[in-house]
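Reviewing the structure listed below.
What follows draws every value from the coordinates through simple rules; no lab data is involved. Just so it is clear, the model here is predicted, and its values are computed rather than measured. Note that we place each Cβ from the backbone using ideal geometry, even for glycine, and neighbour counts take in every protein chain shown.
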Amino acid sequence: TQLLEQSPQFLSIQEGENLTVYCNSSSVFSSLQWYRQEPGEGPVLLVTVVTGGEVKKLKRLTFQFGDARKDSSLHITAAQPGDTGLYLCAGHSGGGADGLTFGKGTHLIIQP
Amino acid sequence: DVKVTQSSRYLVKRTGEKVFLECVQDMDHENMFWYRQDPGLGLRLIYFSYDVKMKEKGDIPEGYSVSREKKERFSLILESASTNQTSMYLCASSALEGSYEQYFGPGTRLTVT
């Protein structure tokens, strides 16, 4: 069974601070996605990374896929209260449609 | 934009009732999924379907069934609801190939009393 471990599980910081959350596995993934989920809503896709070492930026969010395609990180610069939510990573192993493995997520709270 | 809609945002049912949760997607995606999400357990796959009338069990299919009569619609059925099925239910869809990015509906918060 492939596992994706996300850390930290919970993070509460002040507005304007920087933060990094991690998504780690012992397995290789063909692609990895990051989602953000707000309370009472479904997850919303933020980004997909495919190539080892790939870096993608989405405004103040920077996503990196590890060189070995086993891990990923999400860095947020100058966090805003609107960044509050549950951040989920999900890796695809290259199998069929059911080959998407989700981490349990990082609960992020940005306090004004 | 991909749109996935779910029939209800909130639902309260009694133990033993038959419950239908419906999901519709408008992007002509082949794959559709039902998950439940519980605190500390993350997203768990109940069933998925990669084609009309096709279904595959996920990690926790017990107590659930599904129906996919049309490509855009995927229904989750709780044959006899139980209190341990109180949860957030999420439907998702994805294209047949590629990175298998999943697009989620807003979720149904089901409470079984």
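Odds and ends about this structure:
- Principal axis box of chain A, alpha-carbon based, largest edge first, Å: 43, 29, 20
- Evaluated with a Cβ-only charge set (Lys, Arg +1; Asp, Glu -1), the protein assembly as shown carries a dipole of roughly 340 debye about its Cα centre, given to the nearest 20.
- For the protein assembly as shown, the convex hull spanned by the alpha carbon atoms encloses 116 Å³ per residue.
- Annotation: amide H-H contacts under 5 Å for residue A:27 (H modelled 1.01 Å from N, sequence separation of 5 or more, or interchain): A:3.
- For B:4, A:50, B:19, order by how many other beta-carbon atoms lie within 10 Å, fewest first: A:50, B:19, B:4
- Scattering profile of the range B:15-113 at q = 0.10, 0.17, 0.19, 0.23 Å⁻¹ [log10 I(q)/I(0), Debye over alpha-carbon scatterers]: -0.24, -0.70, -0.87, -1.25
- For the peptide B:53-59, the mean number of other protein chain Cβ atoms found within 10 angstrom of a residue's Cβ is 1.
- For chain B, size of Cβ-based charge dipole, Lys and Arg +1, Asp and Glu -1, in debye: 500 debye
- Most to least packed among B:42-49, A:20-27, B:8-15 [average Cβ atoms within 10 Å]: B:42-49, A:20-27, B:8-15
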